[in-house]
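Following: one structure in structure tokens, then a few remarks.
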Amino acid sequence: MTFSSIDAREMHQLGYGVQNAGKGLTECAAQLRAILNEVELTHPGVAVIGRIGQWLTDQAPDLYRRRDLAYEAGKVDVDVFGNPVPGPVVPAGMTRIDEARIIPATVRAEAAQAAPLFTAAALGDAGAREKLAAFAERLSEPRFATALVEQLGARGLLAIPAAMGTRVRKALDADDGSAAAVRRQNRDVLSMLSKALATATDPTGSARLSRKSLEELKQQGRTEIPAPDMGGLTNPGYWSLGQILAAAPRQAYSAWFMKTIGQDMIRWDRDYLKQHRVRFLPKDTDVYNVPAPIDTRPFQGSDAIGTADPIAALMTVAGTSRERAQALLDSRDLLTYLLKDRRPQWAMGDRGESLGTAMEAAMKGADAGSKRLAVIATQLLADEVKPRVSVNDAGEIEFKNPSELDRLSGIRQSMGRILAEHSDDIVFSYFWNQPRADDNELTGHVDGRNTARFNPTDLDLVMLETAVDDQGYQALLRGEIADMRGKIDQGLATGNGKLLNNVIALNSTALGHLVEARRMALVGRGREADAADEELRKLVQEGIGLVPVPFAGQVGKAGLEAAGSIYENFVKGGYTKAGDWLVKQSGHAGGKTGKAFSDAASNDLAAQELVKQMLASSAVAHEAYSHKDLNPFIAVGNPPRVKDPLDMNKAEYEYFTRWIADNTTVPANYKEAQQSAYIGAKELRDNLKAATKDE
């Protein structure tokens, strides 16, 4: 980077003077040339004067750009001519600017050649598309990309998708099968444009769009852009921007873009809804509307062409990184709109799948930002579920117009995965049982870790909504099992009996909340109760609790101090991944638990069996049993030790469970697990009854 210091006011005067001087000399040269032509004479000085005038004219824009950089550094708003708007005061004295952001004239000339090719390609010019290929590698260069976007201008940029939509409409109307090819061509061009826009809005680049250009983009985003040859049909500029984003869903836009343009897109969407009610999202079958310039998918892998939702495209791009997603969603106000008021709009498209993708990226981490946003999302969703459920005299949930909740069903899987990653906080929240936290108290910091402060009733309401989805429930269940599995192993490895007892009681209670939420959610929607119980019973039958935690061997080699890292290593990739790993490993232990148990057991009994499995597996892994008179039936090695339960056949496992009951040094507090699961289920029913009694 090369820096210089300039006085913005003096640079403005210099630019103005140079511009006028260039204009004057150019006019002077023209007048002299006309006079000499009348007397049929020539003189080389005339050409020199003209060249000097042109040189001065060419220099003025760079001087103005230096002035604009100083304005930007001083946050001085200017009009379209570059003059400060009434009111702002230009700071006196020198301002430091980055000279590297000044784009050379040669680069601007190249961008001026490329810009009209995008417009021509949008209108179907095959030659223009071919010529654009020569600029493909330049679109990741900050100076070229910035010059290109500036050359197009905000309105020119947003007019391109509208023109493409016109071509698609004509191809659809012709019904000649050409629409698919047109859309492929459109995607290629829009993907290039998306790359250029992402590069030009990256604040870390050597060049980037000015604050003035961004404000123009916001203004044009809220302006109706006409579609050519469509009888006056228009679409908002931000609709067009959404199509550019949709063409390259993996494009790495900056967090700065998400904070500035992205959040403004959401505000525009909200403002439009307030002014005009729900905005219609056109589909291909809507012959009097401009369709999507590229193909879109509405919901869960459907092959049908869906709606062109610009906010869904924005969410998809934001969901490619935690930084982008948090920058976009880090506003309770906007998140409230997305989860509440925008439900009718989501129902017209992907039912919130794209929103769920962005929420996952923003809320699944162990950082304080993820924890805070996860709590906010839980509070907001609980407020949406609460008025739509009631508890009848039989103590069962009844849904009031569940289709209202289904409008945003696409986030259920994502919400399950989000909460699964905060399983430890959920377990403690049920024990702590505190009221809903204020915005400045949503997170804490305990033992070097960030924590989320959920409210139990909020959790129960959200679990009721999330657990109705099979994959959302699976993620939650596996996350809680992974949390319990790791903690039981850690407690046994360190000989911490208090930790073991607390884990059995607290985690079983949380498990009781979840499985009862699943049962009530399905029964309330007309499903059989057995279907609700099936998932946990299946996991227990397949022996998920018998799977030893990885890295357990460290304890014997490095001493008990290594045990503290076992749990952290086990969930290093997240509770969901740990739970998925347990499920894959548990297949080896399938069939060891009797089928009669899986057919008849309730969830509280399943929780008891789950804890029995975990304690038995950890006892073997850490040799927490009497070594006297080991029966060869279950012993291996020299000196002998109990073989891994995963390696036992059904007969050996039956013998082992009888033997371990008498020979383990682990407290066999299995009944506590059953009782705690029962208590958790009752707590959930009580919470829901209390929360909905006034609804």
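The values are calculated or read from the model by the stated rules, or taken from the named source; none is laboratory data. Only a predicted model underlies this, so the values are computations on that prediction, with no experimental measurement involved. All Cβ positions, even for glycine, are placed from backbone atoms using ideal geometry, and neighbour counts span all protein chains on display. Side chains included, ligands, DNA and RNA excluded: accessible areas come from the protein's heavy atoms. Shrake-Rupley method; radii C 1.70, N 1.55, O 1.52, S 1.80 Å.
Per residue, the chain exposes 43 Å² of accessible surface when a 1.4 Å probe is rolled over the protein heavy atoms with every protein chain present. Look at the alpha carbon pairs under 8 Å that are at least 6 residues apart: their mean separation over the length of region 215-293 gives a relative contact order of 24 percent.
Could you work out the Rg to Rh ratio of region 353-484, with Rh taken as the Kirkwood radius (inverse of the mean 1/r over all Cα pairs)?
Values: Rg = 14.3 Å, Rh = 15.0 Å.
Rounded to two decimals, Rg over Rh is 0.96.
Solvent-accessible surface of protein heavy atoms, probed at 1.4 angstrom with all chains present, puts Asp686, Asp425 in the order Asp686, Asp425, largest first.
Could you work out what % of the accessible surface of the chain is carbon and sulfur, using a 1.4 angstrom probe and leaving DNA, RNA and ligands out of the count?
Numbers: 15240 of 30190 Å².
Answer for the chain: carbon and sulfur cover 50 percent of the accessible area.
Simple rule: put +1 on each Lys or Arg Cβ and -1 on each Asp or Glu Cβ in the chain, find the dipole, and look at Leu328, Gly444, Leu281; the Cα lying farthest toward the positive end is Leu328.
Backbone amide hydrogens, once placed in the peptide plane, bring Thr451 within less than 5 Å of Gly444, His445, Val446, excluding anything fewer than 5 places away on its chain.
Considering only Pro387, Ala134, Ala246, whose Cα is most displaced toward the positive end of the charge dipole of the chain, charges sitting on Cβ of Lys, Arg (+1) and Asp, Glu (-1)? Final value for the positive-end residue is Ala134. Rg ratio for region 363-437: its Cα radius of gyration over 2.2 N^0.38 Å, N being its residue count, equals 1.25. If I model a spin label as a point 7 Å beyond the Cα along the Cα-Cβ vector, how far apart are those points for Ala181 and Arg277 in nm? So the label points at Ala181 and Arg277 sit 4.2 nm apart.
Helix hunt in the chain: which complete DSSP H runs extend at least 24 Å axially by C-alpha with mean Kyte-Doolittle at least 1.0? Let's see the in-between values first.
Numbers: long enough: 8-38 (45 Å, -0.34); 44-73 (45 Å, -0.39); 105-122 (26 Å, 0.69); 142-174 (41 Å, 0.39); 179-200 (31 Å, 0.10); 368-385 (26 Å, 0.59); 470-493 (34 Å, -0.53); 497-524 (40 Å, 0.58); 603-621 (27 Å, 0.41); 670-692 (34 Å, -0.90).
Flagged H segments: there are none.
For the pair Glu398 and His627 in one chain, pulling the backbone fully straight at 0.36 nm per residue adds 76.9 nm over the alpha carbon distance.
What Kirkwood hydrodynamic radius, in Å, does the chain give when the mean of 1/r is taken over all pairs of distinct Cα atoms and then inverted?
Numbers: mean 1/r = 0.0340 Å⁻¹.
Evaluated over the chain, this radius sits at 29.4 Å.
Here region 123-189 is treated as a sphere whose radius is the Kirkwood value from Cα pairs; by Stokes-Einstein at 37 °C and 0.692 mPa s it diffuses with a coefficient of 247 µm²/s.
So what are region 433-536's ellipsoid semi-axes, whole angstrom, largest first, if each one is the square root of 5 times an eigenvalue of the alpha-carbon gyration tensor? Before the final figure, lay out the partial values.
Working: eigenvalues 142, 82, 23 Å².
Calculated on Cα positions only, the semi-axes equal 27, 20, 11 Å.
A 1.4 Å probe, protein heavy atoms only, puts the accessible area of Glu216 near 80 Å². For the cross-link pairs Lys371/Lys577; Lys584/Lys628; Lys274/Lys340, the ones whose C-alpha atoms lie over 25 Å apart are Lys584/Lys628.
Just name one of Thr146, Ala47, Phe431: the one whose Cα is farthest towards the positive end of the charge dipole of the chain (beta-carbon charges, Lys/Arg +1, Asp/Glu -1). The one lying farthest along the dipole's positive direction is Ala47. Here Leu123 and Ala30 are evaluated by their C-beta separation; at R0 = 35 Å the FRET efficiency comes out at 0.45.
Give the ranking of Glu465, Glu404, Glu654 by solvent-accessible surface, highest area first, calculated with a 1.4 Å probe. Write down the numbers at each step before the final one.
Numbers: Glu465 20, Glu404 50, Glu654 105 Å².
Correct descending sequence by accessible area is Glu654, Glu404, Glu465.
Shape call for region 145-239 from the C-alpha gyration tensor, a ≥ b ≥ c root eigenvalues: rounded (a/c under 1.5), prolate (a/b greater than b/c) or oblate? Oblate, because a/c is 1.5 or more while a/b does not exceed b/c. One equal scatterer on each Cα of region 192-272, no solvent, Debye formula: the resulting log10 I(q)/I(0) at q = 0.19, 0.20, 0.21 Å⁻¹ is -0.87, -0.95, -1.03. Globularity index of region 255-399 is 1.14 (Cα radius of gyration / 2.2 N^0.38 Å, N = number of residues).
Working note: Cα atoms of region 89-220, range along each principal axis, descending, whole Å: 65, 31, 21.
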